[in-house]
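The values are calculated or read from the model by the stated rules, or taken from the named source; none is laboratory data. Please read these numbers as outputs of a predicted model, since none were measured by experiment. Note that we place each Cβ from the backbone using ideal geometry, even for glycine, and neighbour counts take in every protein chain shown.
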Amino acid sequence: MWNNILFIWAVIIHLLLTVSHASDEILIITEEWPPYNYSIDEKIAGFSTEIVKSILKVMHKEYELQVVPSMRAKALLENRPQTMMFSMFRTPEREAQYKWIGPLVDVSIYFYKRKDRQIKIESLADLKNEKLTVCCRHAGLIHDLLEEKGFNNLHSTATKGLSIYKMLLAGRCDIAISDADLGVRHNLHLLNIKLDDVFEKIPIPILEAELYIVGSKDISDEEIQQWQSALDTLKHNGVYDKILQTYL
C-alpha cells in the first residue's frame, strides 16, 4: 500500500515539475499574415519566420513556433509568461507593454493605381476625392486609419489583400491599399503578375512603421539582448539581405 502511495506522489511531483518547466519555456507565436508569416503544408513559412529561425540558429537554441489566431495571440502575449511574438507593429501605445527586438523590416503602406489609368494624385486630399473609389479591407488597422483621416470613398468589402488587387485589375476601383511592398508583390505573384508591370505606387504613405519581435515583460533582458545581437549578426553577415531578396 505504502509503495502505491509513494508511487502516486512521485507521479504527481513529476507532473508538477513538468508543468512548471513547460511554463518556463519560451513560447514563440505569430499570426497568419503572408508573406511575413503563414502556414503552408503544416509548416510555418514567410519572411519574418525565416528571420526568426535564423536568429535561433545563430543562438544555437530551439523553440517551437506556432501560428495562432490574432485574438489568441494577443491573449497569450498578455497573459502567458515567457511568450514572444513576431511581426508586430511598434507603436507608442504598445511601447511600454513589451520588450522589443528589431526592426525586422519596414512595412510602410502606400496606395497603388493601375499604370494605364491617368489619375493625377498629388496629395492625400486628392485621394479623398469622391469621384475616385478606394479599395481596402473591410476592417483592420488600414481601414480604421482611412476612416479617421476622412475617407468617404472606400470600397471595403474585401477580407484579403488578394481580392483588393483583383478588383483594381478589373477596374472595380481606382485606387487600392492593403499591404506593404512585400505583401503587394506576394499577392501579385499569386496572380502571375509583376508589380512594376501593371501597378504604380503613389508616393503618399498612409502608415510608416516597422515590424518587430516582442517579448513579454518577464523575459530577461539578457535573453532579449541575445536575440537582438543575433539579428544584428544576420544583418551584418549578409544572411538577412539574402532572405529579403527572395521576397522582392
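Just a few scattered comments:
- Residue match in region 96-119 (condition: free of Cβ contacts under 8 Å to residues at least 60 places away in the same chain, at negative phi, within 17 Å of the chain's Cα centre (by Cα) and not in a helix (DSSP H, G or I)): no
- Residue that is modelled with the lowest pLDDT [pool: residues in region 129-153 that are aliphatic (A, V, I, L, M) and within 14 Å of I206 (Cα to Cα)]: L141
- Scanning region 196-241 for residues that are among the basic types (K, R) and outside the structural domain of P35 (by TED's automatic domain parsing) returns a single hit, K201.
- Scanning region 50-89 for residues that are within 17 Å of the chain's Cα centre (by Cα) and at positive phi yields a single hit, S87.
- Which numbered condition P92 misses (of (1) surrounded by fewer than 19 Cβ atoms within 10 Å (Cβ to Cβ); (2) in contact (Cβ under 8 Å) with a residue 60 or more places away in the chain; (3) under 30 Å from S229 (Cβ atoms); (4) not hydrophobic (A, V, I, L, M, F, W, C)): (2)
- Residue pairs meeting the criteria (Cβ under 7 Å; at least 6 apart or on separate chains; first touching a residue at least 24 places away in the same chain (Cβ under 8 Å) and surrounded by 14 or more Cβ atoms within 10 Å (Cβ to Cβ), in region 228-241; second assigned to a helix (DSSP H, G or I) and of a type in the set (F, W, Y)): L234/Y240
- Scanning region 160-187 for residues that are under 21 Å from the mean Cα position of the chain (by Cα), assigned to a helix (DSSP H, G or I) and farther than 22 Å from L104 by Cβ gives L162, S163, I164, Y165.
- Matching option when the condition is buried (at least 20 other Cβ atoms within 10 Å of the Cβ), over 12 Å from I101 (Cα atoms) and either in contact with a Ser or Thr (Cβ under 9 Å, 6 or more places away or on another chain) or outside the structural domain of M59 (by TED's automatic domain parsing) (or both), among N192, N187: N187
- Region 139-159 - residue that is within 18 Å of the chain's Cα centre (by Cα) and either hydrophobic (A, V, I, L, M, F, W, C) or in a loop (DSSP other than H, G, I, E, B) (or both) and, of those, nearest to A170 (Cα to Cα): T159
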